[in-house]
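J.: Below is one structure. I have some questions about it.
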Amino acid sequence: MIDVRGLVKRYGEILAVNDLSFEVVRGETFALIGPNGAGKTTTLKLLLGLANPDHGTIAIGPQALAPRDARTRHQLGYVPQRVEFPSGRTVAEVLMFFSDLRGLPRAAVARALERVGLAASAARRASDLSGGYTQRLSLAQALLGDPALLVLDEPTASLDPEATWEFRTLIEQLQREGTTILLCSHLLAEVERVADRVLILVDGHCAALERMDGLRARQASATRLAVDVGDAVERSTLALTRGGIVVDREDGGRLVLEAAENRGPHALELLRSAGVAVRAFEVLRPTLEEVFLEVVRREPAGITAVGSLGGRREEEQ
């Protein structure tokens, strides 16, 4: 659905996108994430035909069309982070305006309203909608004409938790319908819930390209068990080692050992059988953000930068 090869974009001396290559397959939800200034917004502009690359190619759809090709626009729906609709227009009138611009039948308006749950609000003024409903209207506009590719730029960044949950539910329904989705976000919880694959941008280039199930497996394999065995460190370590459990480190009577694949309960049973009185234990499971950080640490410039992923998004080049 999207094929990007060797993409480069400069703004003066700033290298915003640096030899970027990736592809998005049909029916996939592909997430583009990264710290502030990583090049996410520039990449989206290039994909949408709002900017021209200095080098590289972008091919969209089965016909491998360029972003600025008029035929591409009919295959693509776009939901920006911030949206404003004409004042004084009702929800239905807003959609009719965009439908007429694209030469679509009026039936497309009714279908779009139904898909995003706004049919009952068709007569309301768009300016009176809440943030969540405004974003629904933006999604309805993007879905006019049933695009094969949906591009979402920070779609829930300004929404409250309930509106965020409702919008994600709409996205999950579109996934079930087979819509290809490109999601740009800094919210890892959002990415974890909906994405199939994740591309991590750092300084304009690909720091990592991972499947979500692979990241979850990496998260599970990094799970550790911390056990307080007091002064029985030597006896505990011997019992665990004989039972096939690797002890990573010891700190003042606290053993940290591998606990993936249900090894935690096995380790506790080994200690009990050896007569060790366990004072306390704790499962140490890394967060998804920590897994992302570990992936990106092979990029020297990205170690500290990606730490801002959970922060507020700023405008970037």
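The values are calculated or read from the model by the stated rules, or taken from the named source; none is laboratory data. The structure displayed is predicted, hence computed values, not measured ones. Cβ: placed from backbone, ideal geometry, glycine included. Neighbour counts: every protein chain shown.
J.: If I ask for residues that are surrounded by 12 or more Cβ atoms within 10 Å (Cβ to Cβ) and at pLDDT below 90, which ones from region 81-101 would you list?
T.: Residues satisfying the conditions are GLN81, VAL83, PHE85.
J.: Further, regarding this structure: Taking GLU192, is it in a strand (DSSP E or B), surrounded by fewer than 21 Cβ atoms within 10 Å (Cβ to Cβ) and within 29 Å of the chain's Cα centre (by Cα)?
T.: Values: in a strand (DSSP E or B): no; surrounded by fewer than 21 Cβ atoms within 10 Å (Cβ to Cβ): yes; within 29 Å of the chain's Cα centre (by Cα): yes.
No, not satisfied.
J.: I'm trying to understand the selection: among the residues of region 1-21, which are within 17 Å of LEU76 (Cβ to Cβ) and either aliphatic (A, V, I, L, M) or under 18 Å from the mean Cα position of the chain (by Cα) (or both)? Show your work before the answer.
T.: Of region 1-21, the ones within 17 Å of LEU76 (Cβ to Cβ) are 1-4.
MET1, ILE2, VAL4 - these are the residues of region 1-21 that are within 17 Å of LEU76 (Cβ to Cβ) and either aliphatic (A, V, I, L, M) or under 18 Å from the mean Cα position of the chain (by Cα) (or both).
J.: Residue check, ASP146 against (1) of a type outside the set (Ser, Thr, Tyr); (2) surrounded by 19 or more Cβ atoms within 10 Å (Cβ to Cβ); (3) within 14 Å of LEU76 (Cβ to Cβ), all met but one. Which one?
T.: ASP146 satisfies all of (1) of a type outside the set (Ser, Thr, Tyr); (2) surrounded by 19 or more Cβ atoms within 10 Å (Cβ to Cβ); (3) within 14 Å of LEU76 (Cβ to Cβ) except (2).
Results for (1) at pLDDT 90 or above; (2) under 30 Å from ALA51 (Cα atoms); (3) in the same structural domain as GLU28 (by TED's automatic domain parsing), shown as yes or no for each residue.
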| residue | (1), (2), (3) |
| --- | --- |
| ARG111 | yes, no, no |
| ALA126 | yes, yes, no |
| LEU159 | no, yes, yes |
| LEU174 | yes, yes, yes |
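J.: Are there any pairs with C-beta distances below 7 angstrom linking a residue in region 240-259 that is exposed (fewer than 15 other Cβ atoms within 10 Å of the Cβ) to a residue that is of a type outside the set (S, T, N, Q) and assigned to a helix (DSSP H, G or I), with the two at least 6 apart or on different chains, and if so which?
T.: Note: pairs meeting the criteria are GLY253/VAL233.
J.: Among the listed residues ALA108, ALA122, ALA126, ALA92, identify the single one that is among the aliphatic types (A, V, I, L, M), touching a residue at least 24 places away in the same chain (Cβ under 8 Å) and under 27 Å from GLU28 (Cα atoms). Give the steps one after another, and end with the answer.
T.: On the way: ALA122 fails: under 27 Å from GLU28 (Cα atoms); ALA126 fails: under 27 Å from GLU28 (Cα atoms); ALA92 fails: under 27 Å from GLU28 (Cα atoms).
The match here is ALA108.
J.: Residue under question is LEU188, and the condition is that it be under 19 Å from GLU28 (Cα atoms) and in contact (Cβ under 8 Å) with a residue 12 or more places away in the chain; does it hold?
T.: yes
J.: Is it the case that some residue within region 76-91 is of a type in the set (Gly, Ala, Ser), over 30 Å from the mean Cα position of the chain (by Cα) and part of a loop (DSSP other than H, G, I, E, B)?
T.: Let us first name the residues in region 76-91 that are of a type in the set (Gly, Ala, Ser), namely 77, 87-88.
Imposing the further condition that a residue be over 30 Å from the mean Cα position of the chain (by Cα) reduces the set to 87-88.
Now restrict to residues that are part of a loop (DSSP other than H, G, I, E, B): 87-88.
So far as region 76-91 goes, yes, one or more of its residues are of a type in the set (Gly, Ala, Ser), over 30 Å from the mean Cα position of the chain (by Cα) and part of a loop (DSSP other than H, G, I, E, B).
J.: Same structure, new question: Answer yes or no as to whether VAL151 is under 23 Å from LYS40 (Cβ atoms), of a type in the set (A, V, I, L, M) and in contact (Cβ under 8 Å) with a residue 40 or more places away in the chain. Quick ask: steps written out before the conclusion?
T.: On the way: under 23 Å from LYS40 (Cβ atoms): yes; of a type in the set (A, V, I, L, M): yes; in contact (Cβ under 8 Å) with a residue 40 or more places away in the chain: yes.
Criteria met by VAL151.
J.: More than 26 Å from the chain's Cα centre (by Cα) and not in a helix (DSSP H, G or I): does that describe PRO155?
T.: On the way: more than 26 Å from the chain's Cα centre (by Cα): no; not in a helix (DSSP H, G or I): yes.
In short, no.
J.: With the structure loaded, tell me whether GLY131 is surrounded by fewer than 18 Cβ atoms within 10 Å (Cβ to Cβ), in contact with a helix residue (DSSP H, G or I) (Cβ under 8 Å, 6 or more places away or on another chain), at positive phi and not assigned by TED's automatic domain parsing to the domain that holds PRO62 or whether it fails that test. Please lay out each step first, then the result.
T.: On the way: surrounded by fewer than 18 Cβ atoms within 10 Å (Cβ to Cβ): yes; in contact with a helix residue (DSSP H, G or I) (Cβ under 8 Å, 6 or more places away or on another chain): yes; at positive phi: no; not assigned by TED's automatic domain parsing to the domain that holds PRO62: yes.
No; evaluated as a whole, the condition is false for this residue.
J.: Given (1) more than 26 Å from ALA92 (Cβ to Cβ); (2) in contact (Cβ under 8 Å) with a residue 60 or more places away in the chain, where does ARG193 come up short, assuming only one miss?
T.: Result: ARG193 passes all but (2).
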